[in-house]
1. Looking at (1) under 21 Å from residue 155 (Cα atoms); (2) crowded, with 16+ Cβ neighbours inside 10 Å; (3) touching a residue at least 24 places away in the same chain (Cβ under 8 Å); (4) under 14 Å from the mean Cα position of the chain (by Cα), can you tell me which one residue 84 breaks?
2. Only one residue in 131, 68, 50 is in contact with a strand residue (DSSP E or B) (Cβ under 9 Å, 6 or more places away or on another chain), at pLDDT 95 or above and over 30 Å from residue 8 (Cβ atoms), so which one is that?
3. Checking residue 56 against (1) modelled with pLDDT under 95; (2) exposed (fewer than 14 other Cβ atoms within 10 Å of the Cβ); (3) in contact with a strand residue (DSSP E or B) (Cβ under 9 Å, 6 or more places away or on another chain); (4) within 20 Å of residue 28 (Cβ to Cβ), only one condition comes out false. Which one?
4. On the basis of being modelled with pLDDT of 95 or more and over 20 Å from residue 29 (Cα atoms), does residue 141 make the cut?
5. Looking at 29, 6, 98, which is the one that is touching a residue at least 24 places away in the same chain (Cβ under 8 Å) and more than 15 Å from the chain's Cα centre (by Cα)?
């Protein structure tokens, strides 16, 4: 018998991950959401994956013909922006942050640790979510020495370097 969703969440909270804001442009509309379900897939062609809940507003946008998206990798000092895109419902989430656009027109966080601007390569349903494979059209690393924002055990944490003994 499969485990419960609570058991699943309680186990996976022990996996540390980086934090991103995925921005979606569908037609003239934009939306963004905080996502930790992000992965590199292939260097040739350059492909990445993000996972979005089908109940989320971003799902309706990314499903539009010609939709594009960007993955903005957050710095450790951008936790408030991560929370804004995770929890703010009524306000325009893009009122905070230094937003611009890159090649596809998807919103890019200019001062992120790094960003990837993508066209949709493919997608597939997976339980309550969809997995989106993006083909990277442009990328930049504005803050190459910035430590990443890390999420573990239901909270943000800082990386700590270990000196060689």
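1. Tallying (1) under 21 Å from residue 155 (Cα atoms); (2) crowded, with 16+ Cβ neighbours inside 10 Å; (3) touching a residue at least 24 places away in the same chain (Cβ under 8 Å); (4) under 14 Å from the mean Cα position of the chain (by Cα), residue 84 fails exactly one: (3).
2. Values: 131 fails: over 30 Å from residue 8 (Cβ atoms); 50 fails: over 30 Å from residue 8 (Cβ atoms).
Result of the check over 131, 68, 50: 68.
3. (2)
4. Numbers: modelled with pLDDT of 95 or more: yes; over 20 Å from residue 29 (Cα atoms): yes.
So residue 141 passes the test.
5. Working: 6 fails: touching a residue at least 24 places away in the same chain (Cβ under 8 Å); 98 fails: touching a residue at least 24 places away in the same chain (Cβ under 8 Å).
Criteria check complete, one pass: 29.
The values are calculated or read from the model by the stated rules, or taken from the named source; none is laboratory data. None of these values were measured; they are calculated from a predicted model. As a convention, Cβ positions derive from the backbone with ideal geometry for all residues, glycine included, and neighbour counts pool all protein chains shown.
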